[in-house]
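Below: one structure, written as structure tokens.
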Amino acid sequence: KNQVEQSPQSLIILEGKNCTLQCNYTVSPFSNLRWYKQDTGRGPVSLTIMTFSENTKSNGRYTATLDADTKQSSLHITASQLSDSASYICVVGGSNYQLIWGAGTKLIIKP
Amino acid sequence: DTEVTQTPKHLVMGMTNKKSLKCEQHMGHRAMYWYKQKAKKPPELMFVYSYEKLSINESVPSRFSPECPNSSLLNLHLHALQPEDSALYLCASSQDFLVTGELFFGEGSRLTVL
């Protein structure tokens, strides 16, 4: 069964600190892996998309890694800001139009 | 312009009402999507239009009726909804209908059914 699991479910860190969010997937065939940021009550915003051949991709203070062998990805946030408080969702592209969504990690940045 | 615009942002309707949600994009994208998102859950795909034709209907009840008048517009007509249909409805678009394409989401329409 195609699944995407994220950990932790929620995370609280202090402003300025770094954090890493995890995503494990069992999706076959694998097309790509995406990370989205979603503020409460708003639409998701794409942070990165990685294909099988890419193992790291950065977007400002966000850096995603992909290990296609172990089927794991991580999203590292550097020097967190209050505006980083949001849900971060890992999404894996499978066959055809399939996108398998994780449940998300809710990140809270405290001043 | 990398925006997907959704209107209205908020909608409250009774179970006997008929209303519509609207979505617009001017990025030249040929695929447009409707998603439904309940609180604390990931978005669930409802419909996909590719080149203005309905390509995917994820077994959505007929009280939801999608329409794609042209390549830039996508509507979702609502009729005889139930309170459990209250959710955030998200429109998205992509260059084409392939799993490799980047999805651009609108801000969503928050629907409350009384």
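The values are calculated or read from the model by the stated rules, or taken from the named source; none is laboratory data. The shown structure was predicted, so the numbers you read here are calculated from the model rather than taken from an experiment. Glycine also receives a Cβ, built like all others from the backbone with ideal geometry; neighbour counts cover every protein chain displayed. Note: areas computed on protein heavy atoms with side chains; ligands, DNA, RNA excluded. Shrake-Rupley method; radii C 1.70, N 1.55, O 1.52, S 1.80 Å.
Some points to look at:
- When accessible surface is computed with a 1.4 Å probe, chains B and A are found to bury approximately 1500 Å² between them, both chains counted.
- Only protein atoms count toward the accessible area here, which uses a 1.4 Å probe; on the protein assembly as shown, the carbon and sulfur part of that area reaches 50 percent.
- Cysteines without a disulfide-compatible partner [chain B; Cβ-Cβ under 4.7 Å]: B:68
- Solvent-accessible surface, computed for protein heavy atoms with a probe of 1.4 Å, shrinks by 20 Å² or more for the following residues of the range A:79-111 when the other protein chains are added to the isolated chain: A:96, A:97, A:99, A:101, A:103.
- 16 Å cut-off, amide nitrogen to a point 7 angstrom out along residue A:95 Cα→Cβ, residues in the range A:1-20: A:1-3
- For the range A:1-49, applying the loop criterion from DSSP together with a ceiling of 12 other beta carbons within 10 Å to the trypsin sites (Lys or Arg not before Pro) yields A:1, A:17.
- In the full protein context, chain A carries 49 Å² of accessible surface per residue, based on a 1.4 Å probe and ignoring ligands, DNA and RNA.
- Cysteine residues of chain A whose Cβ has no partner cysteine Cβ closer than 4.7 Å: A:19.
- Lys pairs under 24 Å by Cα in chain A, provided they are eight or more residues apart or on distinct chains: 12
- Chain lengthening between residue A:20 and residue A:103 when straightened (0.36 nm per residue, less Cα-Cα): 28.3 nm
- Share of pairwise Cα separations in the range B:2-71, more than 13 Å, in percent: 71 percent
- Viscosity 0.692 mPa s, 37 °C: Kirkwood-radius Stokes-Einstein D of chain A over Cα pairs, µm²/s: 236 µm²/s
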